[in-house]
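Everything on this sheet refers to the single structure shown next.
The values are calculated or read from the model by the stated rules, or taken from the named source; none is laboratory data. Treat the numbers as computed from the prediction; the structure is a model and nothing was measured. Cβ placement follows ideal geometry from the backbone for every residue including glycine, while neighbour counts extend to all protein chains displayed. Accessible surface areas use protein heavy atoms only, side chains included; no ligands, DNA or RNA. Shrake-Rupley method; radii C 1.70, N 1.55, O 1.52, S 1.80 Å.
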Amino acid sequence: MKKFAGKIGGLFIGLIVIILVVASSILLLAHTFLASTRNILSTDIVTEMVKQIDFKELMGENVQNEISSILEETGIPSEYVDYILENEELKEYIGNYMAEGLDYILYDKELPVISEQEITKLLSNSFDQVIYELENHNIEVSTYLTKEQQEEVHQKIEVYVPKIVEKIPEVETLIENKVSENGKAQEIKQKLEQLRDTLEKVQFVYDMQPTIMLFAILLLALVVVLKRKKFRFIKWVGLSFIMTSIVLGLLNAKIPSLVQQYYPDEVGFMRSFVDSTLNAIFRVWKQNAQIYFIIAILLIILQIVIIALSVYKNRRQKDMAVL
């Protein structure tokens with residue numbers, strides 16, 4: 001009777017442990033999903049997206065031509081201009097400008113403005129970078145500037161920057177032009193607004209992110225308590241991490257291809273925006289999957305070591321008994 005009761009008790013504890021492992025895995029997944037979506041439409045994502053876009057596509061051909069003409073007035077050869085406008089730091093600054101503009105449109109935050117001082121610095125640095133690339137033969141042009149001409153360009157850039165800033169559209173106009181390239185893009189803008197409204201409404205869920213991780217740790221601690229005998233808890237805790245890692249890995253492998261398959265091709269500029277957002281989410285999934293997988297592997301190794309030590313100890317005791 002006692003043996004039967006012991007078996008029933010063992011089965012009950014085993015069932016509880018399985019439930020705790022599955023629940024902890026679900027909580028780890030929830031924590032990952034919250035971490036990956038918390039910064040949707042963040043400044044970093046918008047900036048990264050803008051850096052991947054051609055300046056002409058970003059500003060529009062007319063604006064690009066006008067700015068190019070002004071730069072040529074400073075004495076910069078026309079073949080230098082495209083290199084200057086594709087400078088990463090300059091595009092990053094415009095990306096921040098658009099990100100703050102998105103906050104202005106969606107969150108009624110302060111309207112961002114272009115800093116003439118910052119544009120002067122960025123254009124000067126970009127010009128210097130082009131000169132450096134020329135001197136190291138990384139790019140080829142037919143016109144070369146002397147040191148005196150380079151210095152003159154630097155002086156004129158500061159004079160002509162106000163004209164350049166005038167040509168850059170106000171951020172609201174810039175964003176509205178991009179998202180209204182066609183009807184579907186406009187729909188996406190509305191969906192983004194709805195998404196951000198939803199995120200604001202469920203902000204309390206994101207505030208619970210540390211609590212969710214704490215609950216996952218507590219559940220795993222219960223597994224440790226229930227399976228502490230002979231360190232059996234190690235494999236069960238490892239199972240929770242390996243399950244989470246596998247699910248994240250499968251999602252990260254399947255969902256991007258599904259998104260590409262059903263994603264409309266007509267949204268132009270906004271596709272880069274949404275792609276950057278999705279890539280940021282998938283990147284968090286991949287990183288967490290790797291972290292959980294490494295933890296699981298370490299636990300498996302630890303379990304193997306403990307088993308090996310236990311076997312060695314038992315053999316040692318048998319050998320001692322024989323002696």
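Remarks
- Test for GLY249: is it under 23 Å from ALA99 (Cβ atoms) and either open to solvent by 30 Å² or more (accessible area, probe 1.4 Å) or at pLDDT below 80 (or both): no
- Test for ILE53: is it assigned to a loop (DSSP other than H, G, I, E, B), closer than 23 Å to GLN129 by Cβ and at pLDDT below 90: yes
- Residue within segment 137-144 that is aliphatic (A, V, I, L, M), at pLDDT below 90, outside any helix (DSSP H, G or I) and open to solvent by 70 Å² or more (accessible area, probe 1.4 Å) present: no
- Beta carbons closer than 8 Å, at least 6 apart along the sequence or on distinct chains, pair a first residue in segment 112-140 that is free of Cβ contacts under 8 Å to residues at least 40 places away in the same chain with a second that is part of a loop (DSSP other than H, G, I, E, B) for LEU122/ASN87; ASN125/ASN87; ILE131/LEU145; LEU134/VAL141; LEU134/TYR144.
Listed here are the residues, each with its yes/no results for (1) closer than 20 Å to ARG38 by Cα; (2) modelled with pLDDT of 70 or more; (3) outside any helix (DSSP H, G or I).
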site	(1), (2), (3)
SER257	no, yes, no
SER276	yes, no, no
ASN279	yes, yes, no
ARG283	yes, yes, no
ILE294	no, yes, no
LEU298	no, yes, no
GLN303	no, yes, no
ALA308	no, yes, no
TYR312	no, yes, no
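- Residue match in segment 150-168 (condition: under 22 Å from GLY60 (Cβ atoms) and not in a helix (DSSP H, G or I)): yes
- Any hit, segment 105-117, residues being touching an Asp or Glu at 6+ places or on another chain (Cβ under 9 Å) and among the small types (Gly, Ala, Ser): no
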